[in-house]
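Scroll down for the structure; my scribbles are underneath it.
The values are calculated or read from the model by the stated rules, or taken from the named source; none is laboratory data. No experiment lies behind these values; they were computed from the predicted model shown. Using ideal geometry, Cβ is built from the backbone for each residue, glycine included, and neighbour counts are taken over all protein chains shown. These accessible areas exclude ligands, DNA and RNA; they are computed on the full protein's heavy atoms, side chains included. Shrake-Rupley method; radii C 1.70, N 1.55, O 1.52, S 1.80 Å.
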Amino acid sequence: LTGVLDDCLCDIESIDDFNTFKIFPKIQKLQERDYFRYYKVNLKRPCPFWADDGHCSIKDCHVEPCPESKIPVGIKAGSSNKYSKAANNSKELEDCEQANKLGAVNSTLSNQSKEAFIDWARYDDSQDHFCELDDERSPDAQYVDLLLNPERYTGYKGPSAWRVWNSIYEENCFKPRSVYRPLNPLAPSRGGDDGESFYTWLEGLCLEKRVFYKLISGLHASINLHLCANYLLEETWGKPCWGPNVKEFTRRFDPVETKGEGPRRLKNLYFLYLIELRALSKVAPYFERSVVDLYTGNGHEDAESKALLLDIFRDTKSFHMHFDEKSMFAGDKKGAKSLKEEFRLHFKNISRIMDCVGCDKCRLWGKLQTQGLGTALKILFSEKEIKSLPENSPSKGFQLTRQEIVALVNAFGRLSTSIKELQNFKVLLQQTR
């Protein structure tokens, strides 16, 4: 892959250099820190779209939840919106005051009105979310140590896995059913059409819808790259050996084997990287405030984590070829607003489809990466709110939960890893020729 990416003024070589020498080593370190390694997830939510076709019984699909005793006390006790020690300690007082206030308001309301009141509050809260969020208070939600449950090839494949991706592309990427996606195993054979009609359709879309498709395709390419780079190569004496599988990589991305589709998918991976990179540079002011601590209960570690995060933000700001999201939703106000809402609801639907993934490990990483991308989109569309944040108090206009922060950093870490793995595969391919 070489040259300039479509829909933005950036070339692939610049991203490779920037990622390899600046971002990748630092984001790897950040992901190992306690604040970012524990992610709370509900892997038991039922699939909302079709009857569950059973969970994957392959042992590598299993996710090992983290015992409560291992979770840092500051993470376990923290309210989802709070990051600082002071905020955690004042939580009970706030809850008490809130209950009194609601009690005072609600004493004159019927039960039906109270429920409507709560629904409105929930609705307002969900307006800026691009993802369906797990209820962290659910008894089925558990902490997972991401370092002990790495994303890799588990053997989960076939109709069940394809059904998930097919549903994402066919029903949520603004695509009419009459336009066939290249290399879709569930589509009827199209004879001589090698995907040109699909790309003619894609080029005819407005920028926003084209961007949406590229984000999903980039995410798909990134996940496939992780599976190729961390593949079960052999198992001797019960000891598994994981590593890069060149044959699998070629099958999924080689220009000849994929009829030109592989390189297009990899370009979309770079495009997605740029979008999430842009979100990180935009959200920096949120974290630069002293009120944000990345609180785990270990003061020394928390200070180091924040310093490393701010260092990464400085790097993201130093990169001069960002994607400019200002060109999106820039039409007439009414049209732009309804398109943005459509965009948000489509993405929210994709986050719900992740509950249909039959392999727990794939579901965990699918949920985390879609939530990370959803958080990036939320940031990109909240620029005004981020700029007007108060320095010393939690904001009302823009808020990130700890879950969103963990997902944002780990999702970008996965993209950074994908681009690094791509460099490794280039070397391996040269060696095999």
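Consider the stretch 300-328. How many of its residues are part of a helix (DSSP H, G or I), under 30 Å from I12 (Cα atoms) and aliphatic (A, V, I, L, M)?
The number of residues fulfilling the criteria is 5.
Kindly indicate which of T432, T417, T370, T316 is of a type in the set (S, T, N, Q) and surrounded by fewer than 21 Cβ atoms within 10 Å (Cβ to Cβ).
It is T432.
From the list A303, A279, which one is among the aliphatic types (A, V, I, L, M) and within 27 Å of L377 (Cβ to Cβ)?
None of the other options fit; the residue is A279.
If you take the residues in the stretch 160-187 that are without any contact (Cβ under 8 Å) to a residue 60 or more places away in the chain and under 24 Å from the mean Cα position of the chain (by Cα), which one is surrounded by the fewest Cβ atoms within 10 Å (Cβ to Cβ)?
W162
Which residue is nearest to the chain's Cα centre (by Cα), if the candidates are limited to the stretch 253-266 and must be closer than 16 Å to K426 by Cβ and surrounded by fewer than 20 Cβ atoms within 10 Å (Cβ to Cβ)?
P263
Quick one: which of G297, G331 is more than 16 Å from L30 (Cα to Cα), open to solvent by 40 Å² or more (accessible area, probe 1.4 Å), assigned to a loop (DSSP other than H, G, I, E, B) and at pLDDT 75 or above?
G297
Scan the stretch 335-361 and report the pairs whose first residue is closer than 16 Å to L207 by Cβ and whose second residue is of a type in the set (G, A, S) and open to solvent by 10 Å² or more (accessible area, probe 1.4 Å), with Cβ atoms within less than 9 Å and a gap of 6+ or a chain change.
A336/A330; L339/G331
So C228 passes all but one of these: (1) surrounded by fewer than 17 Cβ atoms within 10 Å (Cβ to Cβ); (2) under 18 Å from A161 (Cβ atoms). Which condition number does it fail?
(1)
F398 fails exactly one of the following numbered conditions: (1) open to solvent by less than 10 Å² (accessible area, probe 1.4 Å); (2) assigned to a helix (DSSP H, G or I); (3) more than 25 Å from K214 (Cβ to Cβ). What is the number of that condition?
(2)
Identify all residues within the stretch 374-391 that are in a helix (DSSP H, G or I) and of a type in the set (F, W, Y); write none if there are none.
None; the set is empty.
Of all the residues that make up the stretch 205-241, how many are among the aromatic types (F, W, Y) and more than 24 Å from the chain's Cα centre (by Cα)?
1
Going by the conditions given, is T250 surrounded by fewer than 12 Cβ atoms within 10 Å (Cβ to Cβ) and farther than 21 Å from N349 by Cα?
In short, no.
Filter the stretch 47-70 for residues that are part of a helix (DSSP H, G or I) and open to solvent by 40 Å² or more (accessible area, probe 1.4 Å); which is nearest to H322 (Cα to Cα)?
K70
Identify, by number, the condition in (1) under 25 Å from L429 (Cβ atoms); (2) touching a Lys or Arg at 6+ places or on another chain (Cβ under 7 Å); (3) among the aliphatic types (A, V, I, L, M) that I223 doesn't meet.
The one condition I223 does not meet is (2).
Pull up the stretch 267-294, narrow it to residues that are open to solvent by less than 50 Å² (accessible area, probe 1.4 Å) and assigned to a loop (DSSP other than H, G, I, E, B), then point me to the one that is nearest to E421 (Cα to Cα).
Selected residue: L294.
Just to be sure I understand the filter: pairs with C-beta atoms under 9 Å, separated by 6 or more residues or on different chains, first member in the stretch 193-213 and at positive phi, second member among the hydrophobic types (A, V, I, L, M, F, W, C) and open to solvent by 50 Å² or more (accessible area, probe 1.4 Å). Which pairs pass?
Matching pairs, first to second residue: G195/L183.
Which of the residues that make up the stretch 6-34 are over 19 Å from E421 (Cα atoms) and in contact with a Lys or Arg (Cβ under 8 Å, 6 or more places away or on another chain)?
Passing the criteria: D6, D7.
Can you confirm whether S197 is in a helix (DSSP H, G or I) and either at pLDDT 90 or above or surrounded by 15 or more Cβ atoms within 10 Å (Cβ to Cβ) (or both)?
The answer is no for S197.
Name the residues in the stretch 8-32 that are open to solvent by 20 Å² or more (accessible area, probe 1.4 Å) and either free of Cβ contacts under 8 Å to residues at least 12 places away in the same chain or touching a strand residue (DSSP E or B) at 6+ places or on another chain (Cβ under 8 Å) (or both), would you?
Selection gives D11, E13, D17, F21, P25.
From L272, L294, which residue is of a type in the set (A, V, I, L, M, F, W, C) and more than 19 Å from E391 (Cα to Cα)?
L272
Would you mind finding the one in K44, K29, K40 that is part of a strand (DSSP E or B) and within 30 Å of D355 (Cα to Cα)?
One residue alone meets the criteria, K40.
Restricting to the stretch 2-24, what's the tally of residues that are on the phi < 0 side of the Ramachandran plot and part of a loop (DSSP other than H, G, I, E, B)?
Residues that pass the stated criteria total 6.
For the stretch 144-159, give me each residue that is modelled with pLDDT of 85 or more and open to solvent by 20 Å² or more (accessible area, probe 1.4 Å).
Matches in the stretch 144-159: L147, L148, P150, R152, Y153.
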